[in-house]
Amino acid sequence: MRFSKRTEWNTEESALARAHRERVAAGLPVADLTASNPTRCGFDYGATLLDALEDDRAQDYDPHPLGLRSAREAVCKYYADHSVYGEPEQVVLTTSTSEAYSYLFRLLCDPGTEILAPQPGYPLFDFLAVLDDVRLKNVPLVYDHGWQIDAEGFRRAITAETRAIMLVHPNNPTGHFTKPWEADVLAGLCREFELSLIVDEVFLDYPMLDGAEGSFARGLEGVPVYVVSGLSKIVGLPQMKAAWVIATGPQRSAAMERLEVIADTFLSMNAPVQWAMGRWLEERQGIQEQIRWRVQANLAELDRQLALEPVVRRLSVEAGWYAVLRIAAIKPDEQTVRELLDEGVWVHPGYFFGMPEAGWLVVSLLGPEAEFGTGVTRLLNYLGKTQEGKKWAMRLNR
Ligand SMILES: Cc1ncc(COP(=O)(O)O)c(C=O)c1O
């Protein structure tokens, strides 16, 4: 038997993952600064969360390829709360944003064609692209007192095979909101080269500063825009498996017709979740407020400890659940992360998100406050003892 080339992955457990697993199994302390599953972070979802699944209408099977109309109306209501007034005909429901991406790749790309994506970014994109035989071309974001797109980098990366530009707004893990000038530049490129824009807005409702940027579901003149989002972040319910695409712009009807056929081939949405979606979206403020408080509190704690022990630099962040830390690039981050694990704190190396191999760590701000505070103390104490921490402190204090 022969397997497909696209599934020729190295599935061996990495040395880091093994070290983590063994340390946890041995019962040794690990403060987890990578927590990203909101259902495991001590939030109060209310005792009646699952009542929404007991809708009698879910006993009937009457599928619509785009998803139940009432659920698509609930998605439109969510956008109306963001001052974007769409129609259910623009929405297709999926079981995850991953599935939404896959539908869009199949809609827009043939095998071997390309999609551009900013880097650092969400690590799953590589796998999603490979599975749909699409080539993912990364275009680096630039950091200069804040993250920004490299407009010329995008232009240079476009070829005759490019079909779309992907954006994460705000980005994960940089927390960068696409600014109006950046949207203008990208829209210009899309018009000039007949590209679509795919925008992932799962973190849209988690700005850290006032003046958050709006949703791309409002559309960009002359550009086919496909916004993807879903329940995993908006209502902190990744286990419910519900997401969507909302399509705007030229050829929208033709795109929706094709998306309908793709979705009809799978009919992957289940009825109880679709009937429950409206209520969960309506009640989203409860969980969103808790998450925003948590993220702000953990960021404030990180900054408080950093002020006392300035051995790394926290990069500016506008939104989302993560903070990016710059450390002196003296040795591979894999080694630093391993040494930190031995000190009882578990962080992401930046290369996990497409950053260089040395000089970058990423911490999640979502975990319980006490564990987060302990983790940061261990992180800073350890780096303060090392060559790189001492160098960095000298540089910052200069
Ligand atoms: C940018 C981004 N998009 C999507 C997701 C996941 O969404 P879903 O659970 O709907 O696949 C994540 C998860 O961390 C993410 O970071």
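Every number here is computed from the coordinates shown, using simple stated rules; none is lab data. Here the structure is a predicted model, which means the values were calculated and not measured. Glycine also receives a Cβ, built like all others from the backbone with ideal geometry; neighbour counts cover every protein chain displayed.
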Q: Quick one: which residues, 5+ away or cross-chain, put their amide H under 5 Å from the amide H of residue 322? H built at 1.01 Å from N.
A: 365
(Q) For a quick check: with amide H placed at 1.01 Å from N, whose amide H comes under 5 Å from residue 164's, ignoring anything fewer than 5 positions away on the same chain? (A) 116, 196
Q | Alpha-carbon radius of gyration plus Dmax, which is the widest Cα pair, for the chain in Å | A | 21.7, 69
Q: Determine ³J(HN,Hα), in whole Hz, for all residues of region 109-120 in sequence, where each value follows from phi through the Karplus function 6.51 cos²θ - 1.76 cosθ + 1.60 and θ = phi - 60°; x replaces Gly and Pro.
A: 10, 9, x, x, 7, 10, 10, 9, 9, x, 10, x
(Q) Using alpha carbons only, how many angstrom separate the centre of region 47-63 from the centre of region 69-114? (A) 22 Å
Q. Top mean-square fluctuation among 182, 301, 13, Gaussian network model of the chain, C-alpha springs under 10 Å?
A. 13
**Q.** For region 91-99, Karplus couplings with θ = phi - 60° (6.51, -1.76, 1.60), whole Hz, Gly/Pro x
**A.** 10, 10, 8, 9, 7, 6, 5, 4, 5
Q) Taking the DSSP beta bridges in region 63-282 as the whole, what percent of them are antiparallel, to the nearest 5? A) 40 percent
(Q) I want the local charge near residue 293. Using Cβ-Cβ distances under 14 Å, sum +1 for each Lys or Arg and -1 for each Asp or Glu among the other residues. (A) -3
Q. Relative contact order, percent, of region 283-375 when contacts are C-alpha pairs under 8 Å separated by at least 6 residues?
A. 32 percent
**Q.** Alpha carbon centroid spacing (whole Å) that separates region 132-190 from region 312-359
**A.** 23 Å
Q) How much net charge surrounds residue 104 when only other residues with a Cβ under 11 Å from its Cβ are counted (Lys, Arg +1; Asp, Glu -1)? A) 0
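Add +1 for every Lys or Arg and -1 for every Asp or Glu among the other residues with Cβ under 11 Å from the Cβ of residue 275, and state the total.
-2
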(Q) Give me, ordered by chain and number, the residues 5 or more places off residue 345 or on other chains with an amide H under 5 Å from its own placed amide H. (A) 31
